[in-house]
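Contents: one structure, followed by commentary.
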Amino acid sequence: MRTPVMAGNWKMYKTAAQTSDFFAQFSPAVAASTHAEIVICAPFVDLPAAVEAARSTSIGIGAQDVFWLKEGAYTGEVSAPMLAAIGCQWVIVGHSERRQYFDETEETVFKKTVAALEAGLTPIVCVGERLEEREAGATESVLAQQFEGGMQGLDAQQFARIVIAYEPVWAIGTGKTATPEMAQAAHAFLRSRIEGHFGNSAAAACRILYGGSVKPDNVRGLMAQPDIDGALVGGASLIPASFAAIVNYL
Ligand code: PGA
C-alpha cells in the first residue's frame with residue numbers, strides 16, 4: 001500500500017550544466033518506472049536546471065535544506081516558499097551532515113519540517129544513530145529522541161505528509177551498509193513509535209526510507225524488508241546508470 005520513494009541526495013556535487021547532462025541520461029532510463037516516486041535532491045543553484053530538465057518526466061525535484069522563516073534578514077538562507085516557487089516539491093530536513101557540521105538540532109528540524117509543509121513541500125526528515133551510539137546500545141533511544149523532537153509535535157495531517165529517512169550515520173558514504181535485518185529492526189522500531197503517537201493507520205501509511213551506502217547490488221535485499229519503503233541515496237545517485245539501476249531494483 002505504500003508507494004516506494006527512491007530519492008537521490010547529490011550533496012555538494014554537480015554544476016547546473018552537469019545537472020542537465022545527468023537528466024539527459026537518467027530520465028530515459030527511468031521513464032518506464034511507475035512502481036516508485038523518483039526524486040533528485042540537488043544543490044540550490046542546480047534546482048532551476050533540474051526542474052527544467054525534469055519538466056516532462058515524473059521525477060520530482062528537491063532541495064537538501066531549507067530555512068524555517070519565509071523571508072527576512074538571514075544572509076545565505078533559502079526559504080520554503082522560494083523553493084516551491086521554482087518548482088521544487090521535496091526537501092531533505094535534518095540530514096546527519098547538517099546535524100554534524102551545521103548545528104542542526106531537533107528544534108530546527110521541527111521548525112524546518114513545519115515550514116516545508118506550509119509551503120506545500122514534502123519533507124524527507126532524516127534520523128539515525130552515530131557509530132558510538134550504536135555500539136553503546138543506544139540506537140533506539142537516539143531514534144526515539146529524534147522522532148520526539150523532530151516530528152512528534154506535528155499534527156496528524158502534517159505528519160501524514162512527511163517521509164522519514166533512517167540513515168545510520170556510520171553507513172553514510174562509508175560503503176558500510178546496514179544489513180537488511182539491522183535496517184528493518186530500526187524501521188520497525190520507528191514505525192512502532194509512530195503507531196504509539198499517531199495511531200495505527202498513520203504508522204501503516206508512513207513511508208520510511210533507508211539511507212547509507214545504498215548501491216545497485218544491495219538495494220534489492222533492503223527493499224525486500226517489510227518496513228523499508230525506499231532509499232535515500234548519496235554517492236550512487238550521482239551516476240545516471242547506477243541511480244537508474246537502484247530505482248529499477250525490481
Ligand atoms: P551515501 O549517502 O549513499 O553516499 O552513503 C546517503 C545520504 O547521506 O543520504
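The values are calculated or read from the model by the stated rules, or taken from the named source; none is laboratory data. What you see is a predicted model; the values in this text were computed from it and never measured. We place every Cβ from the backbone using ideal geometry, glycine too, and count neighbours over all the protein chains shown. To get the accessible areas, we keep the full protein, side chains included, count just its heavy atoms, and leave off ligands, DNA and RNA. Shrake-Rupley method; radii C 1.70, N 1.55, O 1.52, S 1.80 Å.
Glu118 satisfies every condition listed in (1) more than 16 Å from the ligand (Cβ to nearest atom); (2) surrounded by 17 or more Cβ atoms within 10 Å (Cβ to Cβ) except (2).
In the range 65-112, the qualifying residues are those that are within 20 Å of Pro168 (Cβ to Cβ) and among the polar types (S, T, N, Q), and the one that is nearest to the ligand (Cβ to nearest atom) is Ser96.
Candidates are the residues of the range 176-185 that are within 9 Å of Tyr210 (Cβ to Cβ) and at pLDDT below 95; the one that is least open to solvent (accessible area, probe 1.4 Å) is Ala178. Just the residues that are loosely packed, with under 15 Cβ neighbours inside 10 Å and over 20 Å from Lys11 (Cβ atoms), please, taken from the range 70-88. Within the range 70-88, Lys70, Glu71, Gly72, Ala73, Tyr74, Thr75, Ala85 qualify. Check off (1) open to solvent by less than 70 Å² (accessible area, probe 1.4 Å); (2) farther than 19 Å from Ala7 by Cα for Ile124 and give me the number that stays unchecked. Every condition holds for Ile124 apart from (2).
Among the residues of the range 151-185, which ones are part of a loop (DSSP other than H, G, I, E, B), free of Cβ contacts under 8 Å to residues at least 60 places away in the same chain, within 16 Å of the ligand (Cβ to nearest atom) and within 17 Å of Arg98 (Cβ to Cβ)? Please lay out each step first, then the result.
Residues of the range 151-185 that are part of a loop (DSSP other than H, G, I, E, B), as a first pass: 151-155, 160-162, 167-168, 172-179.
From what's left, free of Cβ contacts under 8 Å to residues at least 60 places away in the same chain: 151-155, 160-162, 168, 174-179.
Those left that are additionally within 16 Å of the ligand (Cβ to nearest atom): 168, 174-179.
Answer for the range 151-185, where residues must be part of a loop (DSSP other than H, G, I, E, B), free of Cβ contacts under 8 Å to residues at least 60 places away in the same chain, within 16 Å of the ligand (Cβ to nearest atom) and within 17 Å of Arg98 (Cβ to Cβ): just Pro168.
The numbered conditions (1) more than 25 Å from Thr113 (Cα to Cα); (2) open to solvent by 10 Å² or more (accessible area, probe 1.4 Å); (3) assigned to a helix (DSSP H, G or I) are all true for Leu222 except (2).
When the criteria are applied in full, Glu104 fails the requirement of being in a helix (DSSP H, G or I), open to solvent by less than 70 Å² (accessible area, probe 1.4 Å) and acidic (Asp, Glu). Looking only at the range 186-214, residues that are more than 16 Å from the ligand (Cβ to nearest atom), surrounded by 21 or more Cβ atoms within 10 Å (Cβ to Cβ) and not in a helix (DSSP H, G or I) come to 1 in all.
Of all the criteria given as (1) under 22 Å from Ile40 (Cα atoms); (2) among the small types (Gly, Ala, Ser); (3) open to solvent by less than 10 Å² (accessible area, probe 1.4 Å), the one not satisfied by Gly150 is (1).
Pick from Ala241, Ala236, Ala245: which is within 16 Å of the ligand (Cβ to nearest atom), under 15 Å from the mean Cα position of the chain (by Cα) and part of a helix (DSSP H, G or I)? Spell out the reasoning first.
On the way: Ala241 fails: under 15 Å from the mean Cα position of the chain (by Cα); Ala245 fails: under 15 Å from the mean Cα position of the chain (by Cα).
Only one candidate qualifies: Ala236.
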